[in-house]
Amino acid sequence: MSRLSPDNVLLAKEIIGRYPRPKSALIPLLHLAQEQAGYVSNDAMEHIAELTGVTPAEVLGTCSFYEMFKREQVGKYMVNICTNISCQLNGGEELLHHAEETLGIRPGGTTDDGMFTLEDVECIAACTEAPCLQVNYRYEYRIDNDGFDKLIDDLRNGNRYDIPHHGTLARIRQHLDPERAAGIESPEVTGKPQWFADREPAPESEKETA
Amino acid sequence: MATNAYVEHAPGYVDNVGPKVVTSRFGDPESYKLERSEATGGYGALRAVLQMKPDEVHGQVRDAVLLGRGGAGFPAGVKWGFMPPVWPRYLVVNGDESEPGTYKDRLLMERDPHQLIEGCLITCYALGLNTCFLYVRGEMALAQERIAEALNDAYEAGYVGRNIMGTDVSIDVVLTWGAGAYIVGEETALIESLEGNRGMPRLKPPFFPAAKGLYMKPTIVNNVETLANLPWIMLNGPEAYKQFGSEKSPGTRMLAISGHVKRPGVYEVEQGKVTFRDLFYGDNYCQGIRDDNDLKMFIPGGGSAPWFFEDQLDLPLEAADVGAAGSMLGSGAIVVMDETTDAVRACLRVVRFFARESCGKCTPCREGTTWEEKILQRILDGHGRPEDIDLLLDIGSQISPGPYPVAAFEAAGETAVPFPPKQTTICPLGPSSVAPITSAIRRFRDEFEAKIQAPEEVPA
Ligand SMILES: Cc1cc2nc3c(=O)[nH]c(=O)nc-3n(C[C@H](O)[C@H](O)[C@H](O)COP(=O)(O)O)c2cc1C
Ligand code: SF4
Ligand code: FES
C-alpha cells in the first residue's frame, strides 16, 4: 500500500531527470516516500528501486545509512533535542531529561498516542542559540522547561500550523523547467561546453602578435 | 505567542562594526528575495564576469587568495587549478554544515541564497562547467526552501539555466540534500552521497575530487561560505579584497562564538586582525564570560579542534599561528567554556559525537571511538579504573600515531605540538576524536584522577 502515489511518481521522475545518473536521486526519493507515509516502507523502497533501476538492496543500503530515514512509523512530531557541546554547556542535557519526564519516553521512543518521538541529536547549527531543538526539522531556539511544555501543548492542540507532519521537509521545491534548463551534463559526454571553448585564451603564439 | 519559525530568520547574527563581505544584506529581513538582492547589486558580479574570459576570472580568484572556509583553509584558486583538462566536470557545493559549534553556512543559505547562487555561477563560468550541485544538509528544511525558491526565481529571471543573461553561456544549478550524517561533510563522502550511496569517504589518493570526483570525473567541492565571497571579489577586485584581513589570510570570516559568553553570536570578522581575547572580552564582540567567571578552556575551530586555554588568548585569528600553537581555526566555530565546566563531561560529549558519527569503514575509528566513549562514560559515572587514563591515550595513538597536536602548557613546561595530526584511518574523523582527549588529559589529568580515585564524590 505504501508505494509512491501517482502524483509522487510524476514528481519522482522529474527529480530523477535532474541527475546525470538515476541512482543519484535516491536520497531525494526516499525523502519523498517518507513525506507520503511518515516513514520509509519496504514497498516504497522497492518502488524506488524500480524507478531508478537499482536493486531494492541498494536502496535499503543507502536508506539505512542516514539517520533521518525511519523505517517504521514514528510520531507525528519528531522532537530532536541537541545535546552537543554548546547546547550541553547551556543546559541541553537537562532539557532532554525534562522532555523525557514530560513525555514519558526515552530518546528513540514514541508516545502511546503516536504524537511524539523524542531524539537526542548532534549539533544542528544553532549553537549560539543554545539550548535548541527541532520539531520536524523546524527550529526552537533558547528553549527552557516552560517553553518546552508550551511547545508540547501547542503541538497537541494543533496550534503550530507552521510545523508540517513528520516526513515533510522543504515545502518549496526546485522546478527545473526543461525550456530553461541548460541540460544536465552526463558523465558519458566528452568535450568542453562550446561557450567555454569559444572563450579559451588564444595560444601563446597568437598572443604575441595581438 | 505563537512563533512562526518557518518565516522567521534564524537568529544569532550580530551586526558588528567592520567590513561586510558576505553578510552585507543580513540587516534586511527580506534579503532572501530576488528583488531585494537585485536592488543591492545581486547578479551584478555575474554580469561583469560574463564579459571576461574564464581564465581571467580564475586568475582574479587566485590573486585574491580566497582560503576555503570549510575547515582545511586551502586556497580556492589553487584548488581549481588542479582540475585536469577533462570534461565533463562538476561543481559540488558543500552545505552540509554539521561540525559541532559551526553556525554560518545555514545563515548564508537562509538569508542570502542569491549571493551563494551567484558565487556558484561565477565558479562554473571560470572552470568551464555547466552543472553544479548544491548539497544542503538534510536537517535544514528552511535553507532548502529558501534555496529552492531562489533558484526558481533566478531561472525565471534568466540568471541561471539556458543562455544566461542573453549570452551563449548555459549553466544549471541543482539543489540536492542529505538525510542526516555528519561524515557526508567530508568531500569524498559527499560525492558518494550524491551518487546515491552510503556516505563513506574514499581513499585519497587516488580519489582526489579535482581529478576523480563525482562519477569519477573532475569535481570541485567548495564550502558555502567560500563561494559566497565570490560576488564581492569579482565586483571589487582582488586588491580591494586584500585590504581586509591579513597578508596571509585576506578577507573576512564568519565566526560562531557559543558557550559561556555574555553575547554569543555569529560575527563577520577580518581574518588575522583580532585575537581570541578581543573576541571573548571586547565590547564589539562577546563582552566577557558569563557571570564574569574565569575562562577554563575554549575550542578554536569546531569539535575536531584541540582545545586552547588562557595561554592562547592572545593569538590572532590566523590559521598559521593557530596551527603552530597546536590547533586549527577549522570551520569558524569557537566554543567557550568557563571555570564551572566539568572537563571530563565536556570531553565525553565531543568524543561521543565522533563515536556516533563514525561511518565504520575503518577499524581504528569504528572501534576506537566507541571504546573511548565507553571509558569516558565510566569515568564520569564514577566507575573509572586507574589505568583508564593511559588506556585512553593509547587508543588515541592507534588512531593517530605520534605526538598528537596539543596546546602548550607553560606552567607545566610542556610545549605545543603543531597541527595537523597523523592518521591510520581513511579520513580525519577518527583522529578528531583524539583532540578532546589529549587536550583534556594534558591540562586536567587531576580531574580525571579525582573521578577515578574518589568515585563517591561524583554526583550521580
Ligand atoms: C569529517 C569531516 C567533515 C567535514 N564537514 C564539512 C562540512 O560540513 N562542510 C564543509 O564545507 N566542509 C566540511 N569538511 C571539509 C570538506 O572535506 C572540504 O574540505 C571542504 O568542503 C572544501 O571546501 P573549501 O575548500 O571551500 O573549504 C569536512 C571534512 C571532514 C574530514
Ligand atoms: S576515519 Fe572513521 S569516519 Fe573516516 S572513513 Fe574511517 S571509519 Fe569512516
Ligand atoms: S551544539 Fe547544539 S546546535 Fe550546535
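Read the figures in this text as sums done on the coordinates, not as results from a lab. What you see is a predicted model; the values in this text were computed from it and never measured. Because the Cβ atoms are built from the backbone with ideal geometry, glycine has one as well, and the counts that use them run over all protein chains shown.
Let me make sure I get this right: for the range B:358-460, a, b and c are the square roots of the gyration tensor eigenvalues over alpha carbons, sorted descending. Under 1.5 in a/c it's rounded, otherwise prolate if a/b > b/c, else oblate. Which is it?
Working: a/c = 2.71, a/b = 1.24, b/c = 2.18.
Note, shape of the range B:358-460 comes out oblate.
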*Distance in nm between pseudo-label sites at A:His175 and A:Asp7 (7 Å out along the Cβ direction from Cα)*: 1.4 nm
*Computed FRET value (nearest 0.05) for A:Gln194 with B:Glu30, which takes r as the C-beta separation and R₀ as 25 Å*: 0.05
*Could you pull out every one of the aspartates and glutamates with an alpha carbon less than 12 Å from that of A:Lys23, ignoring same-chain neighbours closer than 8 positions?*
A:Glu50, A:Glu58, B:Glu192, B:Glu195
*For every helix of n ≥ 4 consecutive DSSP H residues, a contribution of -39,500 (n - 2.57) applies; sum these over the protein assembly as shown, divide by its total residues, and give [θ] at 222 nm rounded to the nearest 500 deg cm²/dmol.*
-11000 deg cm²/dmol
*asked:* Based on alpha-carbon centroids, what's the gap between the range B:48-108 and the range A:31-88 in Å, whole number please?
replied: 31 Å
*Rank B:Ser170, B:Ala408, A:Leu118 by how far each Cα sits towards the positive end of the charge dipole of the protein assembly as shown (+1 on Lys, Arg Cβ; -1 on Asp, Glu Cβ) and give me just the farthest.*
B:Ser170
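From the cross-link list A:Lys13/B:Lys33; A:Lys150/B:Lys296; B:Lys104/B:Lys217; B:Lys79/B:Lys273; B:Lys20/B:Lys248, which pairs have alpha carbons spaced over 31 Å apart?
Numbers: A:Lys13/B:Lys33 29 Å; A:Lys150/B:Lys296 35 Å; B:Lys104/B:Lys217 29 Å; B:Lys79/B:Lys273 25 Å; B:Lys20/B:Lys248 19 Å.
Beyond 31 Å between Cα atoms: A:Lys150/B:Lys296.
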*Across the range B:104-109, in residue order, what do the Karplus-derived ³J(HN,Hα) couplings come to in whole Hz, using 6.51 cos²θ - 1.76 cosθ + 1.60 with θ = phi - 60° and x for Gly and Pro?*
7, 4, 4, 4, 5, 6
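Only four residue types carry charge here, +1 at the Cβ of Lys and Arg and -1 at the Cβ of Asp and Glu. Report the dipole size of the range B:19-241 about the Cα centre in Debye, rounded to the nearest 20. Walk me through the numbers on the way to the answer.
On the way: 21 positive and 27 negative charges, 115 e Å.
Here the range B:19-241 has a charge dipole of around 560 debye.
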_Under the Karplus curve 6.51 cos²θ - 1.76 cosθ + 1.60, θ = phi - 60°, whole-Hz ³J(HN,Hα) for the range B:67-76, x wherever Gly or Pro sits_ = 7, x, 9, x, x, 8, x, 7, x, 4
*Starting from the amide H of B:Trp177, placed 1.01 Å from N in the peptide plane, find each other amide H under 5 Å away whose residue is 5 or more places distant or on another chain.*
B:Val136
*Search the structure for amide H atoms under 5 Å from the amide H of B:Gly245, placed 1.01 Å from N in the peptide plane, and list their residues when 5 or more places away or on another chain.*
B:Gly251, B:Gln271
_Computed log₁₀ I(q)/I(0) - Debye formula, equal Cα scatterers, no solvent, the range B:19-241, q 0.07, 0.09, 0.13 Å⁻¹_ = -0.19, -0.31, -0.68
*Taking amide hydrogens as modeled 1.01 Å from N in the peptide plane, which residues meet the under 5 Å criterion relative to B:Thr131, leaving out close sequence neighbours?*
B:Leu91, B:Asp172
*In chain A, which Cys residues have no partner Cys with a Cβ closer than 4.7 Å?*
A:Cys63, A:Cys123, A:Cys127, A:Cys132
_What distance in nm lies between label points placed 7 Å from Cα along the C-beta direction at B:Asn284 and B:Arg366?_
5.0 nm
*Over the protein assembly as shown, what is the percentage of antiparallel beta bridges among all DSSP beta bridges, to the nearest 5?*
50 percent
*With a/c under 1.5 counting as rounded, go ahead and sort chain B into rounded, prolate or oblate using the C-alpha gyration tensor (a ≥ b ≥ c being the square roots of the eigenvalues; past the cut-off, prolate if a/b is larger than b/c, else oblate).*
prolate
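To the nearest 0.05, how large is the calculated FRET efficiency for B:Asp394 and B:Arg356 if R₀ is 25 Å and r is the Cβ-Cβ distance? Walk me through the numbers on the way to the answer.
Working: r = 22 Å, r/R0 = 0.88.
The pair B:Asp394/B:Arg356 has a calculated efficiency of 0.70.
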*Gap in Å between the Cα centre of the range B:285-328 and the Cα centre of the range B:207-231?*
30 Å
_For the range A:64-137: rounded, prolate or oblate by the Cα gyration tensor [a/c cutoff 1.5]_ = oblate
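Could you give the dipole magnitude of the range B:85-146 about its Cα centre, charging the beta-carbon of Lys and Arg +1 and that of Asp and Glu -1, in debye to the nearest 20?
On the way: 6 positive and 9 negative charges, 35 e Å.
For this selection, approximately 160 debye.
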*In whole Å, largest first, what are the principal axis extents of the Cα atoms in the protein assembly as shown?*
80, 64, 48
*So which GluC sites (Glu not before Pro) in the range A:39-78 pass both tests, a DSSP loop state and at most 10 other Cβ atoms within 10 Å of the Cβ?*
A:Glu72
*Relative contact order for chain A: what is it in percent, counting Cα pairs under 8 Å that are at least 6 residues apart?*
19 percent
*How far is helix B:113-127 tilted off the main Cα axis of chain B, in degrees rounded to 10, range 0 to 90?*
70 degrees
*Between A:Gln36, A:Gln174, A:Gln134, which gets the highest mean-square fluctuation from a Gaussian network model of chain A, Cα cutoff 10 Å?*
A:Gln174
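If I stretch the segment between B:Lys204 and B:Lys242 completely, what's the gain in nm (0.36 nm per residue apart, minus their alpha carbon distance), one decimal? Spell out each step's value before the answer.
Numbers: separation 38, 0.36 × 38 = 13.68 nm, distance 3.23 nm.
My answer for the length gained is 10.5 nm.
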*Along the range B:252-263, what does the Karplus equation 6.51 cos²θ - 1.76 cosθ + 1.60 (θ = phi - 60°) give for ³J(HN,Hα), rounded to whole Hz, x for Gly and Pro?*
10, 9, 8, 10, 9, 10, 10, x, 8, 10, 5, 10
